[in-house]
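Below is one structure, written out as C-alpha cells, with a few remarks after it.
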Amino acid sequence: QVQLVESGGGSVQAGGSLRLSCAASGLHFSSHAMGWFRRAPGKERDIVAAITWSGGSTYYADSVKGRFTISRDNAKNMVYLQMNSLKPEDTAVYYCAARYQDIKIGSLWYDYWGQGTQVTVSS
C-alpha cells in the first residue's frame, strides 16, 4: 500500500520560511517523479514544484520561482519543499504526489497523494 505523509506545515509571518517534508512508502520511490501541489481556499489544486526520479530536473510554478526549492533523498524515500520569502498568497493546503517516471504538470497525471498539510502565511 502506497503512503505519502506530509509534515512541516504551520503558521508563519510573511517573509518567513517553512520546510515541508514528504515520507513515501510502498512504492519504488526512485522510479517516481514527485510533485508538490497546493489548494488555496476556493481555488483548484495547482502544481507548485516537481522533481524527476533522479532529482536531475525540476519544475516550478512561476509564482514560486526563486523562493521555493524542491529536493529529494532517494536513500530515505523523502521529498522536500523549502519555502522562503513566504507571502500571504502562499496560504494553502500543500500536497505531496507521486507518479511513475517523468514529471507532469497536471494533477490528473499523479497516481498517489498525501493527505495534505496546512500552510498559513499572515501579513
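The values are calculated or read from the model by the stated rules, or taken from the named source; none is laboratory data. As the structure is a prediction and not an experimental result, all values here were calculated from the model. Here the Cβ positions follow ideal geometry from the backbone for every residue, glycine too, while neighbour counts run over all protein chains shown. These accessible areas exclude ligands, DNA and RNA; they are computed on the full protein's heavy atoms, side chains included. Shrake-Rupley method; radii C 1.70, N 1.55, O 1.52, S 1.80 Å.
Here are the numbers:
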{"read-out": "Shape call, segment 5-102: gyration tensor on alpha carbons, a/c limit 1.5", "value": "prolate"}
{"read-out": "Partners for Lys87 among lysines (Cα-Cα distance below 18 Å; same-chain residues under 8 apart left out)", "value": "Lys43, Lys65"}
{"read-out": "FRET efficiency for Ser63 and Asp111, using Cβ-Cβ distance with R0 set to 22 Å, rounded to 0.05", "value": "0.30"}
{"read-out": "Anchor Lys76: lysines whose Cα lies under 19 Å away (excluding residues fewer than 8 positions away in-chain)", "value": "none"}
{"read-out": "Contact order relative to length of the chain, as percent, for alpha carbon pairs under 8 angstrom and 6 or more apart", "value": "36 percent"}
{"read-out": "Calculated FRET value between Asp102 and Lys43, using beta carbons and R₀ = 41 Å, to 0.05", "value": "0.95"}
{"read-out": "Accessible area of Ser85 in the full protein assembly, 1.4 Å probe (Å², nearest 10)", "value": "60 Å²"}
{"read-out": "Alpha-carbon centroid distance for the pair segment 92-120 / segment 66-81, whole angstrom", "value": "13 Å"}
{"read-out": "Per residue value of the accessible surface for the chain (all protein chains in place, 1.4 Å probe), Å²", "value": "51 Å²"}
{"read-out": "Cα→Cβ-extended label distance, 7 Å offset, between Ala75 and Glu89, nm", "value": "3.9 nm"}
{"read-out": "Projected label distance in nm at Ser11 and Ser122, using a 7 Å step from Cα toward the beta-carbon", "value": "0.5 nm"}
